[in-house]
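Some notes on the structure that comes next.
The values are calculated or read from the model by the stated rules, or taken from the named source; none is laboratory data. Bear in mind that the values here come from a model prediction, so they are computed numbers and not experimental data. With ideal geometry, Cβ positions are generated from the backbone for all residues, glycine too; neighbour counts draw on all protein chains shown. Surface areas here come from the heavy atoms of the whole protein model, side chains and all, with no ligands, DNA or RNA. Shrake-Rupley method; radii C 1.70, N 1.55, O 1.52, S 1.80 Å.
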Amino acid sequence: MDNSSLDVRFYPVETNKRAKGNTYTVRWKVAHKKHSKTYKKSAVADDERSKLMAAHRKREPFDIETGRPIAWMSKAAEVNWYDFAVEYVNWKWPQAASNTRKNLAKALTPATIALLRTTPPMHFEPVAVRKALREYAFSVRGRAHTDKPIPVEVQTILDWIQRNSLPMSAWEKAENVDKVVTALSTRLDGTAAAASSIRRNDRIMNLVMGYAIKHSYLKVNPLPKEKGERTAPKVAQAIDKRCLLNGDQVAKMLDWIGRRPRRGRLYRAFFATLYYAGLRPEEAVALRVGDATLPETGWGEFLVHEAQPEVGRQWTDTGDVHEKRHLKGRAEGDTRLVPIHPVLVVILREIIKKYDLGSADLLFPGEKGDMLAGSVFRRVWAKAREEVLSDHEFRSPTGKRVYDLRHTCLTAWMNEGIPHSEVAEMAGNSVPVLQAIYARCVVGQRELYLKRAEAALRLPQVAS
């Protein structure tokens, strides 16, 4: 869609009387859109108006959105936002992790909808528009899937968006920036997005703006940075103590899961591994039988060396649901040793024998021997919560996420006085991160510290 016009009308310079000195506003209209710019000196305003009028006399087309002659404008006027966003995704994709790709698409989708000339037609469902952008436009794999071309209805939506996307120069107008900022902070239903999502979107969009500046699409980052322009939502680092489970709750839930027909014992072993060894779910699903040392009695040991987070087929290079990754926060090829509680040793030895698992087999295989799906173990855990917990506990955050089993384990280690450096090593965290996340959950030690303080501050009795 052509965004230029020769239909330009100019108005006299307006004088704005102010206590601190007059200002002067140049006003003009390009096609249907009005524009204005205010200057502190009348001579500068007159000069700017004269330049605009001279360009109009030369029959130079003006950009409707910015009001500037096309010849004056930078690369920003030549490329629309949608094409730029796709270009950025293509550039970022090869070096980005799958979750990074996914989060990038999540941020670019609302920004793109906010930078449309008009709202999508009524026959385009809002969910379908977002899906078309997120899973196809902003997924290299979604666009390049040779054996499964983009559906016709999706391509129709993307073609319309490309035609109706504003140029990059739209970022020069404050109202467009405000629309994007609002969109990044709002869910599809109009409610406020989670603080963590808003912060993540802000971080991603600032990287996008950096690329735009580097490649001469923009001169400056238009996103608000000054204090007062935007209040960044606070994200709690420390976990909510209410999410932690007590021993009785864990025992009952593991028992209920273990009694499920067919694969109940395997699921029980998986959840017990998170509780007793504090592994992340993506680390546990990647374990092979050979990664576990399981003596007949006493403590065992895991050699943890990879993670397989579940991110979705459209975000991985292989087309698999899981992405093979090195350990979180560690260099590629790095490993860590995690002790295996004697109770867990017994449970793991039992499932290895029951399911006839070899050394190279996954310790917790899925139905067909492949990776255990997150959708499956989350469903099992949700059902166990519903069946075992009281109504009050079920409605609370207690154990709401499978990850809360890891939180419970790490908290127990710290509460038993295991040095934070040792807990951090076993958990695969840094000490500062560990302390920031679990600071509110370490209990039972204050009484000891207060006794020490009482003794240290005790004064000798004064002779009467």
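Classify the stretch 103-142 as rounded, prolate or oblate, taking a ≥ b ≥ c as the square roots of the eigenvalues of its Cα gyration tensor: rounded when a/c is under 1.5, otherwise prolate if a/b is larger than b/c and oblate if not. Intermediate results must be reported in sequence, preceding the final value.
Working: a/c = 2.44, a/b = 1.49, b/c = 1.64.
It is oblate, given that a/c is not under 1.5 and a/b is not larger than b/c.
Which number do you get for Rg(Cα) / (2.2 N^0.38 Å) in the stretch 158-217? The partial results should precede the final answer.
Working: Rg = 13.1 Å, N = 60, 2.2 N^0.38 = 10.4 Å.
Ratio of Cα Rg to 2.2 N^0.38 Å: 1.26.
Hey, what's the Cα Rg ratio for the stretch 344-395 versus the globular rule of thumb, 2.2 N^0.38 Å? Provide the component values of the computation, followed by the final result.
Values: Rg = 14.5 Å, N = 52, 2.2 N^0.38 = 9.9 Å.
Rounded to two decimals, the normalised Rg is 1.47.
Once the dipole of the chain is set up with Lys and Arg at +1 and Asp and Glu at -1 on Cβ about the Cα centre, which of Gln314, Ala384, Ala436 lies farthest towards its positive end?
Ala436
For Lys225, what accessible area in Å² do you get when you roll a 1.4 Å probe over the heavy atoms of the protein chains, rounding to the nearest 10?
Around 120 Å² of this residue is reachable by solvent.
For the stretch 271-399, what does the accessible surface come to per residue with a 1.4 Å probe? Please give it in Å². Don't jump to the answer; show the numbers that get you there.
On the way: 6410 Å² over 129 residues.
Per residue, the stretch 271-399 has 50 Å² of solvent-accessible surface.
Quick one: Kirkwood hydrodynamic radius for the stretch 270-332, alpha-carbon pairs, angstrom, one decimal? It would help to have the intermediate numbers written out before the result.
Numbers: mean 1/r = 0.0773 Å⁻¹.
One over the average 1/r among Cα pairs gives 12.9 Å for the stretch 270-332.
Taking a label point 7 Å from the Cα of Val220 along the Cα→Cβ vector, which residues of the stretch 162-187 have an amide N closer than 20 Å to it?
168-182
What fraction of the DSSP beta bridges in the stretch 274-355 is antiparallel, stated in percent and rounded to the nearest 5?
Working: 9 of 9 bridges.
Counting only bridges with both partners in the stretch 274-355, antiparallel ones make up about 100 percent.
Using a 1.4 Å probe and counting only protein heavy atoms, arrange Phe394, Phe10 so the residue with the most accessible area comes first.
Values: Phe394 80, Phe10 40 Å².
Correct descending sequence by accessible area is Phe394, Phe10.
Students often check this: by mean Cβ neighbours within 10 Å, which of 82-91, 20-29 ranks highest, and how do the rest follow? Intermediate results must be reported in sequence, preceding the final value.
Values: 82-91: 18.3, 20-29: 15.6.
Going by the mean number of other Cβ atoms within 10 Å, highest first, we get 82-91, 20-29.
Can you check what the Kirkwood hydrodynamic radius comes to for the chain, Cα pairs only, in Å to one decimal? Don't skip to the end; give the middle numbers.
On the way: mean 1/r = 0.0371 Å⁻¹.
After inverting the pairwise mean of 1/r, the radius is 27.0 Å.
What full-extension length gain, to one decimal in nm, is calculated for Arg242 and Ser42 as 0.36 nm per residue of separation minus the Cα-Cα distance?
Details: separation 200, 0.36 × 200 = 72.00 nm, distance 6.40 nm.
My answer for the length gained is 65.6 nm.
Given a cut-off of 21 Å, what percent of all Cα-Cα pairs of the stretch 172-312 lie beyond it? Present the calculation step by step, with values, prior to reporting the outcome.
Working: 6487 of 9870 pairs.
Tail fraction, whole percent: 66.
Write down the accessible area per residue of the stretch 85-143 in Å², having rolled a 1.4 Å probe over the full set of protein chains. Please report the intermediate quantities before stating the final value.
On the way: 2540 Å² over 59 residues.
About 43 Å² of surface per residue is accessible.
Tell me the label-point distance for the pair Ala54, Lys383, using the 7 Å Cα-to-Cβ offset, in nm and rounded to one decimal.
It works out to 7.8 nm between the two label points.
Can you bin the stretch 33-107 into rounded, prolate or oblate? Criterion: square roots of the alpha carbon gyration tensor eigenvalues sorted a ≥ b ≥ c, rounded for a/c under 1.5, prolate for a/b above b/c, oblate for the rest. Please report the intermediate quantities before stating the final value.
Values: a/c = 4.05, a/b = 2.73, b/c = 1.48.
Prolate is the answer for the stretch 33-107, as a/c is 1.5 or above and a/b outweighs b/c.
Stokes-Einstein diffusion coefficient for the stretch 273-394 at 10 °C in a medium of 1.306 mPa s, Rh from the Kirkwood formula over Cα pairs: what value in µm²/s?
Values: Rh = 15.7 Å.
Rounded to a whole number, D works out at 101 µm²/s.
For the ranges 34-47, 199-212, what's the packing order if you count other beta-carbon atoms within 10 Å of each residue, average per peptide, and put the highest first? Each step should come with its number before you reach the end.
On the way: 34-47: 13.8, 199-212: 17.2.
Going by the mean number of other Cβ atoms within 10 Å, highest first, we get 199-212, 34-47.
On the accessible surface of the chain, probed at 1.4 Å, how many percent belong to carbon and sulfur atoms?
Working: 13280 of 25810 Å².
Percent of accessible area from carbon and sulfur atoms in the chain: 51.
In whole Å, what is the distance between the alpha-carbon centres of the stretch 155-221 and the stretch 232-297?
Going from one Cα centre to the other spans 39 Å.
Got a number for the accessible area of Glu454? Probe 1.4 Å, square angstrom, nearest 10.
110
What is the extension gain from Val462 to Arg187, computed as 0.36 nm multiplied by their sequence separation minus the C-alpha to C-alpha distance, in nm to one decimal?
This chain segment gains 92.2 nm when fully extended.
What length, rounded to one decimal in nm, is gained on full extension from Asp370 through to Asp391, with 0.36 nm per residue of separation minus their alpha-carbon distance? The partial results should precede the final answer.
Details: separation 21, 0.36 × 21 = 7.56 nm, distance 3.54 nm.
This chain segment gains 4.0 nm when fully extended.
For the stretch 102-231, what is the charge dipole size about the Cα centre, in debye to the nearest 20, if Lys and Arg each add +1 at the Cβ and Asp and Glu each add -1 at the Cβ?
Numbers: 21 positive and 12 negative charges, 90 e Å.
Roughly 440 debye, rounded to the nearest 20.
With a/c under 1.5 counting as rounded, go ahead and sort the stretch 239-282 into rounded, prolate or oblate using the C-alpha gyration tensor (a ≥ b ≥ c being the square roots of the eigenvalues; past the cut-off, prolate if a/b is larger than b/c, else oblate). Please list the in-between numbers first.
Values: a/c = 2.65, a/b = 1.49, b/c = 1.78.
The shape class here is oblate.
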